[in-house]
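Read-outs throughout are calculated quantities, based only on the coordinates presented, and are distinct from any laboratory measurement. All values derive from a computational prediction rather than experimental measurement. FYI the Cβ positions are ideal-geometry reconstructions off the backbone, even for glycines, and counts take in every protein chain you see.
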Amino acid sequence: MSEAEALFDILRQSADADAVAAIERLVREGTDRELCRVNALAFATKNHLNDDHVIGAFLHAARLGLFEMSWNVLCPGCGGVLDANATLKTIHQGEYSCALCAAGYEPTLDEMVEVTFTVSPRVRRIGAHDPDTLPPWEYARQIFWSSGVDLPDDAAFAKLVEEITIDSIELPPGEKATMSVQLPTEFVIVFEPVSHAAHFIDVKGEPTRERQNLSLVFNNVRAPTGKMEMRPGPLRLSLANGTDRRVLPSVWIAGDKLHDLLGRRRPFLTAKRLLTNQTFRDIYRTETLDIDQRLKIMSLTFLFTDLKGSTQLYERVGDLNAYDLVKAHFRVLTDIVAEESGAVVKTIGDAVMATFPTPDRAVAAALRMREGMRSLNDERKHEDLLLKIGIHEGPCLAVMLNDRQDYFGQTVNIASRVQNLADSRAIYATGAVVENPDASKVLANTGLKPEAENVALRGVTEDLTIYRIP
């Protein structure tokens, strides 16, 4: 039995069988391109599988060494990968610049950091393991653009490339070259994807027969994007590669066809979603962030629960019975959180703090939690477990606290205080949650009508509209 077969046998013991079978087929039959920076959500859709099952299977596969996980900082404008990282720890909090878009961005975990999976070279060798051997446009497909850019198939892509490209060249390390091109009356970009360099040429005015000249040097220092005006006509472009890798400069027409190409998008696995995945938290419990990192999340939904009257419960049924009952309640809550694409961040006494990527998932989980407690109480024929639930959505910071990945900010504080408002069996949620369109649909399908009231919360300047979900 080969090493890969042995690892897949182990993987089958810890991940969804259908997802593992699909991944094994991918490794055995997939093209090199399909095995580079796998988009887990697109893979799930293509194979008609559950997203969370696929994510869980790839996470276990990465842990076993079948795949390598990459945390890629993306440009929200063009979808280019500005930085590829083996771990989230190496993403810095400062600004990342995109030469192609001539813009800078502070990274957020919502849509600017994707997580992809590339087959390990110990399992199968592919071209992307040595990216400097890839053909220029295949390099752009597999290495420069993220898995969230929905590129057309080979024939359509080749046709589009031909339409937008005036000329291109492959330049080895330390080499120089000259390109002679005819500038059209268009906005033109000289772009180099390996060193992430760009130079903009605004071509306008009367055509000229005189040769114009432009010299560009590619090096390992990301210089500001250059811009200049030129007239339609001949251009002599002198290029020098000062890096230790080949470079792939191209001259593009920055018209509608290029903008349409850069605007093609599909869903991808964001860092935010992965941090709210229970399998990820279980596997990578202490390996996520560096102690001094504070990475922004623009929108995350927090759910807090607590048992009402737990002290009286211990007094009434005794420590041992109460402990077993509280453990059973934790199992129910944890299973529901995971099934709704959430993750338990921590437990504090009898309380749970959980996160969800969207408000509707948190609302669905809360409703199921309430029913779960009713079922446990029915089994015991006693109202022992009375669950208080609070939900809020908003921005926060992903941080490391007490050697575990946690969250910090006013959104977390508000969610905790909303839970403190709840009485037994009631779910309290802020307007940010209940008024979310998808969460509203979840509530509408249950026939429940939230009741609004303005509430003053400690540490919050203005009153908040809080909804009680009966």
Helical contribution to [θ] at 222 nm, DSSP H n ≥ 4, -39,500 (n - 2.57), averaged over the chain, rounded to 500
-10000 deg cm²/dmol
Taking the alpha-carbon centre of each part, the distance from segment 176-241 to segment 95-127 in Å is 27
By average C-beta atoms within 10 angstrom, highest first, the peptides 259-270, 244-255, 33-44, 159-170:
33-44, 244-255, 259-270, 159-170
Can you tell me how segment 119-190 classifies by the Cα gyration tensor, rounded, prolate or oblate, using a/c under 1.5 as the rounded cut?
oblate
Kirkwood Rh over Cα pairs of segment 3-145 into Stokes-Einstein at 25 °C, 0.890 mPa s: D in µm²/s?
154
Whole-angstrom gap from segment 430-452 to segment 355-419, using each part's C-alpha centre
16
Compute the orientation-averaged projected area for the chain from the convex hull of its Cα atoms and round it to one decimal in nm².
27.4
Looks like segment 12-71, by Cα gyration tensor root eigenvalues a ≥ b ≥ c and the a/c under 1.5 rounded cutoff (else prolate when a/b is bigger than b/c, oblate otherwise), is rounded
Highest to lowest packing among 2-8, 345-351, scored as the average C-beta count within 10 Å
345-351, 2-8
Would you grab the residues whose amide H sits under 5 Å from the one on A99? Only those 5+ places off in sequence or on another chain, please, with H modelled 1.01 Å from N.
none
In what sequence, highest mean first, do 390-398, 356-364, 120-128 appear when ranked by Cβ atoms within 10 angstrom?
356-364, 390-398, 120-128
Quick one: compute the contact order of segment 333-458, relative version, from alpha carbon pairs under 8 angstrom and 6+ residues apart, as a percent.
23
Percent breakdown of C-alpha pair distances by 5 Å bin, ordered from the shortest bin, for segment 425-470:
5, 23, 29, 23, 11, 6, 3
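First check a/c for segment 286-469, with a ≥ b ≥ c the square roots of the eigenvalues of its C-alpha gyration tensor; if it is under 1.5, answer rounded, and if not, answer prolate when a/b is larger than b/c or oblate otherwise.
It comes out oblate by the Cα gyration axes.
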What list of ³J(HN,Hα) values in whole Hz, one per residue of segment 130-147 in order, does the Karplus curve 6.51 cos²θ - 1.76 cosθ + 1.60 (θ = phi - 60°) give from phi, with Gly and Pro shown as x?
10, x, 6, 9, 6, x, x, 6, 6, 4, 4, 4, 8, 10, 6, 8, 7, 6
What translational D, rounded to a whole number of µm²/s, comes out for segment 145-288 from Stokes-Einstein when the hydrodynamic radius is the Kirkwood one over Cα pairs, at 37 °C and 0.692 mPa s?
186
Given pairs K296/K441; K308/K346; K46/K346; K89/K327; K227/K272; K46/K159 and cut-off 30 Å on Cα-Cα distance, the over-length ones are K46/K346; K89/K327; K227/K272
Give the long-range amide H neighbours of M230: residues separated by 5 or more places, or on another chain, with amide H under 5 Å away, using H modelled in the peptide plane at 1.01 Å from N.
D202, V203, K204
Using modelled amide H (1.01 Å from N, peptide plane; none on Pro or chain starts), what sits under 5 Å from the amide H of L457, excluding residues fewer than 5 places away?
L464
May I ask which residue of T116, L239, S97 lies farthest towards the positive end of the charge dipole of the chain, with charges of +1 (Lys, Arg) and -1 (Asp, Glu) on Cβ and the Cα centre as origin?
S97
Apply the Karplus parameterisation 6.51 cos²θ - 1.76 cosθ + 1.60, with θ equal to phi minus 60°, to every residue of segment 42-59 and state each ³J(HN,Hα) to the nearest whole Hz, in sequence, with x for glycine and proline.
5, 5, 5, 4, 4, 9, 6, 10, 5, 3, 5, 5, 5, 4, x, 5, 5, 5
